[in-house]
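Quick notes on the structure that follows.
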Amino acid sequence: MIRSVKGTHDILPDESHRWHKIESVLHSFMQQYGYNEIRTPAFEKTELFARGIGTETDIVTKEMYSWIDQGGEKLTLKPELTAPVVRAYIQHNLASNSAVNRLYYLDALFRRERPQKGRTRQFHQFGAEVFGSEHPEADVEIITLVYNFYKSLGFKKITLRLNSVGSVECREKYRKELYSFLKPFLTDLSETSKLRFQKNPLRILDTKIENEKEIIKNAPKINNFFTKDDVSHFESVKSILRELEIPFTIDPQMVRGLDYYSRTTFEITSKELGAQDALCGGGRYDNLVEMLGGKPTPAVGFAAGMERLLIALKTKLSKSTPEPVQIYIVGLIPSAQAQVQKIASELRVNGWSVITDLLRRSLKAALRDANRKNAKISIIIGEEELAKNGILVKIMKSGEQTKILRKNFINHLTSLDL
Ligand code: HAM
């Protein structure tokens, strides 16, 4: 037997209706905030992610599903969506339609991580990106959107962790300083960190190794290198959040796994999750559009894990079942099957949900199946009905049966009080 690949999951019918619920809340939520959906291809050129996310990040060095296709192109299944959305924004010149572009997405992503609760190799994210505004109110709009989304789903114990990683100017100064600080410890560092030391020492702050964490405790802090504008930007973000009564904690140690951030970064965590407690993450990335070949364009966004949301919601949502079909149709003789299909089509066009018996069951077995499916009405077509151009309508709850003419059946069903 061939089983699914490690770290991937099937979403079976008794689970998929929970996805539908979240998806429908999400689409109307995004519409309320004026965001339009963007869908990008499942794979992109590898270079987009290497350049966009950063060559020394865990995602790019260890986690991407990449291959060379038959035409010799280096391709990668998308591990995140910000870089593809930026690519599409530049390629289709979306800036020409509007000075500010608000986009959102819901998609499947791929990272070859070590699977555990809340961490899989194929997972889904919803998220939003706003292009065109450098102002703190854009950061706050993004944070508020996702924070209020969780609140609307009934989350009470979520924590918004906020940080600023400064502008490019500040990060350049900080990088030099960090380099000088780390140099004497070089021999104590792991092979990965030695490589990062050469290419991007800021990435070492993301280490999971204990002795490196100890070293980093005494490293210079980025906030000491903020420019005046960095400080006032961060202060404004905080003060608008306070005005909106959105609680937050400042977390100067928060390191995001992607290199493109500048200024505001944030995560929302939930105690209802295990070790992988980040429901979502995001921040400002004012240089990415230019880095990927577009005109300099400030931008900010977030992405949130769908599976993590559903894990955390499991404790909140009572188990709900999918909507049952309304009508079950059974043909008791083979020559009735064409009529069964015709009536089903007509009913569906009129807005009813319908299933038909596909196993040519006996009347008793078919009605048992209709009950199992929670159908409200069964329609039966036997020899007599076929000969008289009629149908037999059975209300499942009361057991009441009515013979009606084929031509009147839509009116009859519509008049029923179910
Ligand atoms: P990220 O922090 O890598 O950010 O991912 C965002 C969220 O996706 C995480 O907080 C988590 O909920 C979920 N997630 C990530 N990896 C996995 C996994 N292996 N299994 C299950 N869920 C996972 C980004 O992807 C950025 N593109 C966010 C962003 C948008 N920044 C600006 N705009």
- Note on the structure: Rounded to one decimal in nm, the spacing of the 7 Å Cα→Cβ label points at K173 and S335 is 9.2 nm
- Taking the Cα centre of the range 163-305 as origin and charging only Cβ (+1 Lys, Arg; -1 Asp, Glu), how large is the dipole, in debye to the nearest 20? 400 debye
- Message: Per DSSP helix of 4 or more residues, -39500 (n - 2.57); summed, then divided by the residues of the chain. What does that give at 222 nm, rounded to the nearest 500?
- Response: -11000 deg cm²/dmol
- Message: Nearest 10 degrees is fine. How inclined is helix 82-91 to the longest principal axis of the chain, computing both from alpha carbons?
- Response: 90 degrees
- Item | Fraction of antiparallel bridges per DSSP, the range 269-418 only, in percent to nearest 5 | 65 percent
- Rounded to the nearest 5, the percent of DSSP beta bridges in the chain running antiparallel is 80 percent
- Query: Which order do E47, E191, E177 fall in if you start with the one that has the fewest other Cβ atoms within 10 Å?
  - Reply: E191, E47, E177
- Task: Over the range 98-257, calculate the relative contact order: mean separation of alpha carbon pairs under 8 Å at least 6 apart, over the residue count, as a percent.
- Result: 26 percent
- Task: Go through the range 296-310 residue by residue and turn each phi into a ³J(HN,Hα) via Karplus (6.51, -1.76, 1.60, θ = phi - 60°); whole Hz please, and just put x for glycine and proline.
- Result: x, 9, x, 7, 8, x, 8, 9, 10, x, 5, 4, 5, 4, 5
- At T55 and I11, where each label point lies 7 Å from the Cα along Cα→Cβ, what is the point-to-point distance in nanometres? 3.7 nm
- Message: Only counting other Cβ atoms within 10 Å, I'd like E113, E235, E129 sorted with the fewest neighbours first.
- Response: E235, E113, E129
- Item | the range 327-415: antiparallel DSSP beta bridges as a percent of all, rounded to 5 | 55 percent
- Kindly express, to the nearest 10 degrees and within the range 0 to 90, the angle between helix 168-182's C-alpha long axis and the longest C-alpha principal axis of the chain. 70 degrees
- Message: With +1 on the Cβ of every Lys and Arg and -1 on the Cβ of every Asp and Glu, and nothing else charged, how large is the dipole of the range 327-415 about its Cα centre, in debye rounded to the nearest 20?
- Response: 200 debye
- Message: Taking 0.36 nm per residue of sequence separation and subtracting the Cα-Cα distance, how much length would be gained by fully extending the chain between T414 and T249, in nm to one decimal?
- Response: 53.8 nm
- Query: Under a point spin-label approximation (7 Å from Cα along Cα-to-Cβ), what is the I395-K117 distance to one decimal in nm?
  - Reply: 4.8 nm
- Item | FRET efficiency, 1/(1 + (r/R0)^6) with R0 51 Å, evaluated for L363 and K199 via beta carbons | 0.10
- Cβ-based charge dipole, the chain, positive-most Cα from F248, G305, N218: G305
- Kindly identify the range 327-415 as rounded, prolate or oblate by the Cα gyration tensor criterion: order the square roots of the eigenvalues as a ≥ b ≥ c, call it rounded if a/c is under 1.5, otherwise compare a/b with b/c, prolate if a/b is larger, else oblate. rounded
- Listed with the fewest Cβ neighbours within 10 Å leading, L363, L160 appear as L363, L160
- How far is helix 337-349 tilted off the main Cα axis of the chain, in degrees rounded to 10, range 0 to 90? 50 degrees
- Note on the structure: From the Cα centre of the range 40-60 to that of the range 264-306, the distance in Å is 15 Å
- Query: Under the classification rounded if a/c is under 1.5, otherwise prolate if a/b is larger than b/c and oblate if not, where does the chain fall, given a ≥ b ≥ c as square roots of the Cα gyration tensor eigenvalues?
  - Reply: prolate
- Can you tell me the relative contact order of the chain? Whole percent, Cα pairs under 8 Å, sequence separation 6 or more. 15 percent
- Note on the structure: Expressed as a whole-number percentage, the relative contact order of the range 60-174 with C-alpha contacts under 8 angstrom and at least six residues apart is 18 percent
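The numbers here are math on the coordinates, done by the rules we state, and not lab data. Bear in mind the structure is a predicted one, so any value in this text is a computation, not a measurement. Heads up, the Cβs are rebuilt from the backbone with ideal geometry, glycines too, and the neighbour counts pull from every protein chain shown.
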